[in-house]
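The values are calculated or read from the model by the stated rules, or taken from the named source; none is laboratory data. Predicted model, so just to flag it, every value in this text is computed and none were measured. Positions of Cβ are generated from backbone atoms using ideal geometry, with glycine treated the same way; all protein chains shown enter the neighbour counts. Accessible surface areas use protein heavy atoms only, side chains included; no ligands, DNA or RNA. Shrake-Rupley method; radii C 1.70, N 1.55, O 1.52, S 1.80 Å.
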Amino acid sequence: MNSPTAQNIESDLTGLWKTEQDSRLPQSGVRRIYTTNLVAYASDHEDGYRVEGILGDLVQYHPGRYILVRPAADTTEAPLRYYVSGRCLSWADPEKRVCCDMVKLVAQKEIIENLYGFTFSILVPDLPVEFWWPGDMPYYNSFFEHMAEQLNRVWVDSSKFKDPVQSVGRLAAFWHKRYPKTNLADMNWIRIQRWQALIAELFDGEWAKYLKDIKQVTIEYGEGSTPLRSFYLASWLAAQLGWRHQRPRISNLSEPLIFEGPNGQVEVVLKPVPAPDNRADRIFAVGIMTEGEQPAIFTVVRDEDPHLVIARSEINHQLAFSRVVTFEHLHSDDVLAIGLKHFEGDLVWKKTLQMAGSILVHPDMSLEERRKI
């Protein structure tokens, strides 16, 4: 293996595709396509295999340059090693393939701390740069800090946070102050967008008038987990409908959330229910009750078949709307593929995170200021 320099990596990639081209028929076409740069950081050797597999699946949606950074398995390995590989896709014409690169950097932990400069040197220029942090939210990590300061967008997955409430509270409090030019994205936000769409559909057109009369929202989730997706959904409703949280800040999500709506108090209950599988944090049902001259109930509920969801509304005890929607399970590559379709900042997500931050106990920012000590 050549020494780990940007020039050697580019040379090896060029040689890789030249060999690939020569091994094909003369009329074959191998085109290297780049739509984005995506850097991923795996916290340990085992997680590196998981993340590498996800990146390999993601290539089919967004061809680009993928860079995986992970620590060495033990301290006897070289300070820094690299591996290059290619991913090719054939759609309509198997003789014309779209190909892109994957670079894996394996380093000792003390090297990774300062590997951000080297990582920048092997990016494809003039393309967006995304950074995926798939593990627990770090309190302080030099690599994370420098990437977040200089890239276009950082992806986190709050389903992997060891303390979701505290970590989301921290993100809400400091992200846009510390990294004002870098968009923050959460894979859990992508996972609940189908629920958002169905709820919005229930209040479409003539039913929009019932929004101001909402009095209670119940969101069911799998017991034994922190209901972060449910909390995001509640925060989204509050942010979109102009509700205000004026009660004391909370440190856990077991008690009802009380908001002030346009026509008085609104109660949101996050209710645990028995989970049929180990994906406990999934949302299983949303129920919205309104008061007024014509009381109404709007529901989105998973069917006994977990791949089906039923959306329905009852106005004044009469069925007004009902339809069944297919909900396939989204794997991590599916979630990222959806998120990467839209590069611009998500203002709705930003408002939702701000709302979440106004509900959760505010973190000790003096500790944040001393995070580098």
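Karplus-based coupling profile of region 58-66, in residue order and whole Hz: 5, 3, 5, 8, 9, x, x, 9, 10, with θ = phi - 60° in 6.51 cos²θ - 1.76 cosθ + 1.60 and x standing for Gly or Pro.
Heavy-atom accessible area for THR218, with the other protein chains in place and a 1.4 Å probe, reaches approximately 40 Å². With the simple spin-label model, which puts each label point 7 Å out from Cα in the Cβ direction, the ARG81 to SER251 separation comes to 4.5 nm.
Coupling constants for region 292-304 follow from the phi torsions by the Karplus curve (6.51 cos²θ - 1.76 cosθ + 1.60, θ = phi - 60°), and in residue order they are x, 4, 10, x, 9, 10, 10, 9, 10, 9, 5, 6, 4 Hz; glycine and proline get x.
Straight-line cross-link partners of LYS341 among the lysines, defined as a Cα under 23 Å from its Cα and at least 8 positions apart when in the same chain: LYS160, LYS181, LYS350, LYS351. Consider all pairwise Cα distances in region 180-229 and report the whole-number % of them above 12 Å. So the portion of pairs separated by more than 12 Å is 76 percent.
Once Rg/Rh (Cα atoms, Kirkwood Rh) is worked out from the coordinates, which option in [x] 0.96; [y] 0.94; [z] 1.03 does it equal? Calculated Rg/Rh (Cα atoms, Kirkwood Rh): the matching label is [z]. Helix 164-178 and the longest principal axis of the C-alpha atoms of the chain enclose an angle of approximately 70°. Taking the C-alpha atoms only, the angle from helix 6-22 to the longest principal axis of the chain is near 80 degrees. Using C-alpha pairs under 8 Å with a sequence gap of at least 6, the mean separation divided by the residue count of the chain gives a relative contact order of 14 percent. Charge dipole (Cα centre; +1 on Lys/Arg Cβ, -1 on Asp/Glu Cβ; no other charges) of the chain amounts to roughly 700 debye. For the chain, with a Gaussian network of springs between Cα atoms less than 10 Å apart, report the residue from ALA285, ALA185, ALA208 with the top mean-square fluctuation. It is ALA208. Between the listed residues PRO128, GLY292, GLY64, the Cα displaced farthest toward the positive end of the dipole of the chain, a dipole computed from Cβ unit charges relative to the Cα centre, is found at PRO128. Label positions at GLN294 and SER322, each projected 7 Å from the Cα along the C-beta direction, are separated by 1.8 nm. Here the 3J(HN,Hα) profile of region 195-207, calculated from phi with Karplus coefficients 6.51, -1.76 and 1.60 at θ = phi - 60°, is 5, 4, 4, 5, 5, 4, 5, 4, 9, 6, x, 5, 7 Hz, Gly and Pro shown as x. Let me make sure I get this right: for region 95-141, a, b and c are the square roots of the gyration tensor eigenvalues over alpha carbons, sorted descending. Under 1.5 in a/c it's rounded, otherwise prolate if a/b > b/c, else oblate. Which is it? It is prolate, given that a/c is not under 1.5 and a/b is the larger ratio. For the chain, excluding the exposed loop sites themselves (trypsin sites (Lys or Arg not before Pro), DSSP loop, at most 15 other Cβ atoms within 10 Å), the longest remaining stretch covers 25-161. Counted without the sites themselves, the longest stretch of the chain free of chymotrypsin sites (Phe, Trp or Tyr not before Pro) in a DSSP loop having at most 13 other beta carbon atoms within 10 Å is 141-342. For region 85-183, the dipole from Cβ point charges (+1 on Lys and Arg, -1 on Asp and Glu) about the Cα centre works out to 200 debye, to the nearest 20.
Note on ALA6/VAL348: beta-carbon distance plugged into 1/(1 + (r/R0)^6) with R0 of 41 Å gives a FRET efficiency of 0.60.
What does the accessible area per residue of region 193-295 come to in Å², with a 1.4 Å probe and no ligands, DNA or RNA counted?
Values: 4840 Å² over 103 residues.
Ligands and nucleic acids excluded, the result is 47 Å² per residue.
What region 301-355 shows is 59 Å² of accessible area per residue, with the surface traced by a 1.4 Å probe over protein heavy atoms.
Carbon and sulfur: what percent of the chain's accessible surface (1.4 Å probe)? Please list the in-between numbers first.
Working: 8980 of 17780 Å².
Roughly 51 percent, rounded to a whole number.
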